[in-house]
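Here's the structure, in structure tokens; my notes come after.
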Amino acid sequence: MTRALAALEAETAELDGAATYEERTKVEAVARGTAALAPYTPRSPASAELSKERDTAQASASKTDSTPVKSGGSTDMSIDKLTRAHVEVHLAEELHSRRSNLIECLFGSLVDISSCAEILREFLLMSILSVQKDVDGEWKDVPKQDFKAACTDAAIHANEAVTPSEVSPPDPYRWKWSLPTQASEAAAALFFNVVAIAAHAASIRLANAPHHPPPSLRFVTLPNPQRAVPLSNESAAQDCRPDVVAFDLSAFCQAPTANSSSLLFPLDNSPFAYIRKNFPDVLRFTDRHKSDNGPALREFEKWFEEQESKTHLDMTRFCWPEVELTAEAKLSDLANAILQELVYMRQQRRTQPWMRSILGLVVTTKVVGVLRADTLGVEQCTFNRDCSRGVLDSIRICLGVVRSTALQRGQHEVFELLHTKTLGPPHLKSNHGRSSKTKPSKTAKSEVDVFSAEDPMVEYLHRTVRFITLRGNHLHYSQDGTRPDTRFYVHHLVQDSGSLVGRCARIFCVSRETESEGDVRNFIGPYALKLYNADCGSDCFKDDLIQLARDGQAKNVLLPTWEWYYSDALSARGFPPEVVKTYTDAQAAVPNVASNRQEVFAQSDLKRLLVQSANYDEFVKAFIDFVEGIASLAEKDLLHRDLSIGNVLLSKDIACSPSFLSDAAASAQAILGTSVAFTQRTLEQRIGGLIHDFDMAGRAHPPPETATGESGAKADLLTALLKTNKQVERPASSAQPGGPRKGTPPFMAIRLLIDGPPHLAAYDVSRSHKLFRKYSSTRRQLHSLLFVLVLFFWSHPTFLTDIPFPKPVPAQSRKWPPEVLRWANRPAGFSLAELGALKRGFFQKPLTLRDTLDRTLDGDLWTQDPAFLRFFWALYGALWTGSDEGPDWVDRFYVTAGDVQKVLTTEYVTTVSQKEIGDQ
């Protein structure tokens, strides 16, 4: 469980205090018009078991360092401090307070409640469900003439505005599925498939689904659950496969013939055969049905027969980029099912960069649920599938999922997907020719062989992004002031540092389409197109610090030349504009709290990474430029606040390989069906470095109101919004020293980790506050640069100059040594201050540091050429100094970027001179 939770941590963190997270949930509650709520009271006797599941989830969450997930509108105001350990508690409260909203938002346009109530009645007539009613304390079967009343009652329950502080009327009905409901993988897949198919058939009987095509997805289970799904993202820590996976119907085939592919997996428990055997009424249509909805009925019958004949899964489609949906099945542990499903949802998110949000399903013996993860967090809706509301919502989820389009399931509308082929290792091997087990088990080994052991690689067929089209009406900034629609050809994904929630940053290598010349369509590049979700409450977004840096012509900083603003997260979730505005205004009253997020596309020149330096000369000049860039930003009262290995680049451009341009032209021509030409943009020849990824920037000297976070006007506004006379409690300094910190922890300055931002940190009263802040802000950026340098040495043994530009380059060639991971990899339960203390203990001992460098870098380029480590020690000596109180060094206080730049330049000139003398 700890590993699953650790896998969900964002690579780049915006770390808020415990109490501020509580304030955020309170504000969101106000925005939705809810008041302080008492603990949840079970809706009915049938949901008492679900209440126990919720309590189990709460108990489990209180013992784990769980994922930062956005809570919903129904928040228990009695909780004093909401930390990550309370996530499941608040998700459970959201579940019971607005669980219908999530299903309505996802599937309301596909399966409305009134239509679903009619489908529910058809399920009773087809014996898929049975129902009993409490009559004078005794459960009795409901007669056929009363089916409609029972279904109407279920619809009323589904339409209720559920408020946990109010006790709902008891549910007089008890429902029972005729399907297997045990929480096994096979039973879960069968349940989802049969309910979806039967519900679609029932809607045709009712003549209310002529505009809906037949189901487009099918759920399956596969053997060897302890083996990873092919083409996974290793950094997402997925080492096993989901219990249930949904694929597009095009991935299913008929039984292989002598001339067909052998990479086909036989599927047991066919839902089509199960329906034909156990629920034959699903396929029986009367003359009235045929006259009322003949075309849809004939289409369904043809579709059913065609899918029934497809008894195999094409295993070349069994890879993460092709997965449409995942589900996790547990016997009774709902909390663990949710957490494990979040791991699979994150894996899907990391292998499908075109997704705006991700859906997932969970199922236990008595509970079914749906999850949706987006940039704000995770929304959760679970319910007892044997109560009145539960049977209705089960049908809505199953039918809604298979009817939904890719856009409705979360795909972003700007991405155009095409299929491509990728070589990968086979993941299913065993004794050839044996049939699979009827009920796959996580404790049993499969005897199925899909790929023979001799096959070294398998060519997987999967979706990929090929074009991105951005509309001019979403343009926020353009280099030339125009607002055209812009289309990009996508070469490949450069970087995906996004987690399941949060900023979810992705960078694509693209070429931009320009004006055509006759019949030839022209593209120019390569550019970097970054997609991320900006915090609307951040200084960078509110004050448009990127534009401020542009206007100030900051040196050695790579800024976007084009920016597009697409949907904000709350609007994408379905909130009306007035609620979004209320929420945003309320968030403004609480400083240092993540607010709504804005989807941003930003185009800039694609540059080489630091590891692609040609030699010592280019590498060192880049670092000298980085220091100058920090100084240039400081002159404009700006801080980058997220310096890392991935956020520093080389300024000099090199020509793309001819094959890169010709291959792109051939690919685009095959897709577009017309002549295509790719050309390279103008190349910059200056040798040096650039700082980029400026979207977490802030001001070096925040206004006093922002710095203290104690604005009376804002506190009054928050009090008014919360409709309470009680002043909002602020966190004690010991609970969160220094307030929020922004950055990537391994590269964050030690003082920032321990003390927090300079405007909140404790300082020597003998120093003036203004002087302290002047030196402290810039100094911490310089310390981050020191960590960039040394961690770069530990990430790569040498420069990667053999990879032609702009092909993808690994961000890290090897793992960091254990001595480094001790302070660079934040253990579960460790505060940032504790991490800073470990980091300080490592770097304040120069002799130990030297021994560690010599030992861990032995044989690398950095030790073979002593100039690299001399450069590191020059930067170290500029930032650290010996202490009169002992052997441990301390960081210098009065140091500027100009001082550091002078030291590094002197070291560079000296080294170059010595090399020239040696060459002579």
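So, in segment 644-662, how many residues would count as being touching a strand residue (DSSP E or B) at 6+ places or on another chain (Cβ under 7 Å) and within 30 Å of A749 (Cα to Cα)? Walk me through how you get there before you give the answer.
Residues of segment 644-662 that are touching a strand residue (DSSP E or B) at 6+ places or on another chain (Cβ under 7 Å), as a first pass: 646-651, 655-656, 661.
With the extra rule that they be within 30 Å of A749 (Cα to Cα), the set shrinks to 646-651.
Qualifying residue count, segment 644-662: 6.
Filter segment 785-820 down to the residues that are within 26 Å of the chain's Cα centre (by Cα) and polar (S, T, N, Q), then identify the one that is nearest to K839 (Cα to Cα).
If we take residues in segment 785-820 being within 26 Å of the chain's Cα centre (by Cα) and polar (S, T, N, Q), then S795 is nearest to K839 (Cα to Cα).
Which residues, counting only those in segment 779-826, are aliphatic (A, V, I, L, M) and within 17 Å of A749 (Cβ to Cβ)? Working first, answer last.
If we filter segment 779-826 for residues that are aliphatic (A, V, I, L, M), which is where we start, we get 782, 785-786, 788-791, 800, 803, 809, 811, 820-821, 824.
Within segment 779-826, L782, L785, L786, V788, L789, V790, L791, V820, A824 meet the criteria.
Of all residues in segment 832-887, which are of a type in the set (F, W, Y) and free of Cβ contacts under 8 Å to residues at least 60 places away in the same chain?
Those that are of a type in the set (F, W, Y) and free of Cβ contacts under 8 Å to residues at least 60 places away in the same chain: F842, W873, W880.
Mind listing just one residue for me: the one in segment 559-572 that is outside any strand (DSSP E or B) and surrounded by 22 or more Cβ atoms within 10 Å (Cβ to Cβ) and, of those, modelled with the lowest pLDDT?
Residue satisfying both the conditions and the ranking: L570.
Of these, L283, L313, which one is buried (at least 18 other Cβ atoms within 10 Å of the Cβ), among the aliphatic types (A, V, I, L, M) and in the same structural domain as M355 (by TED's automatic domain parsing)?
Among L283, L313, only L313 is buried (at least 18 other Cβ atoms within 10 Å of the Cβ), among the aliphatic types (A, V, I, L, M) and in the same structural domain as M355 (by TED's automatic domain parsing).
Counting only residues that are β-branched (V, I, T), give me the helices (runs of 4 or more DSSP H) lying completely in segment 837-920 with at least 1 of them.
By residue number, 846-856, 861-864, 897-919.
Can you list residue pairs whose Cβ atoms sit under 6 Å apart, with the first residue in segment 888-915 being in the same structural domain as R870 (by TED's automatic domain parsing) and the second being part of a strand (DSSP E or B) and surrounded by 14 or more Cβ atoms within 10 Å (Cβ to Cβ)? Count only pairs 6 or more apart in sequence or on different chains.
W889/W880; D891/W880
Of the residues that make up segment 789-811, is at least one without any contact (Cβ under 8 Å) to a residue 60 or more places away in the chain, assigned by TED's automatic domain parsing to the domain that holds L875 and hydrophobic (A, V, I, L, M, F, W, C)?
No - not one qualifying residue is present in segment 789-811.
Exactly one condition in (1) in a loop (DSSP other than H, G, I, E, B); (2) modelled with pLDDT under 50; (3) within 22 Å of D393 (Cβ to Cβ) is false for M77; which is it?
(3)
For segment 488-516, what are the residues that are free of Cβ contacts under 8 Å to residues at least 40 places away in the same chain and either over 21 Å from Q598 (Cα atoms) or part of a loop (DSSP other than H, G, I, E, B) (or both)?
If the condition is that a residue be free of Cβ contacts under 8 Å to residues at least 40 places away in the same chain and either over 21 Å from Q598 (Cα atoms) or part of a loop (DSSP other than H, G, I, E, B) (or both), then V490, E513, T514, E515, S516 are the ones that fit.
Of everything in segment 135-161, what is surrounded by 10 or more Cβ atoms within 10 Å (Cβ to Cβ), farther than 21 Å from L125 by Cβ and charged (D, E, K, R)? Give them in sequence order.
Listed by number, the list holds a single entry, E160.
Identify all residues within segment 673-710 that are modelled with pLDDT under 50, part of a loop (DSSP other than H, G, I, E, B) and surrounded by 16 or more Cβ atoms within 10 Å (Cβ to Cβ); write none if there are none.
The answer is G709, and nothing else.
Pick out the one residue from V465, V402 that is assigned to a strand (DSSP E or B) and either assigned by TED's automatic domain parsing to the domain that holds S203 or at pLDDT 95 or above (or both). I'd like the intermediate steps shown before the answer.
Values: V402 fails: assigned to a strand (DSSP E or B).
After ruling out the rest, the residue left standing is V465.
Could you list all residues from segment 526-540 that are touching a residue at least 60 places away in the same chain (Cβ under 8 Å) and over 28 Å from F678 (Cα atoms)?
Selection gives N533, A534, D535, C536, S538, D539, C540.
The values are calculated or read from the model by the stated rules, or taken from the named source; none is laboratory data. What you see is a predicted model; the values in this text were computed from it and never measured. Counting neighbours? That spans all protein chains shown, and the Cβs are built from the backbone with ideal geometry, glycine included.
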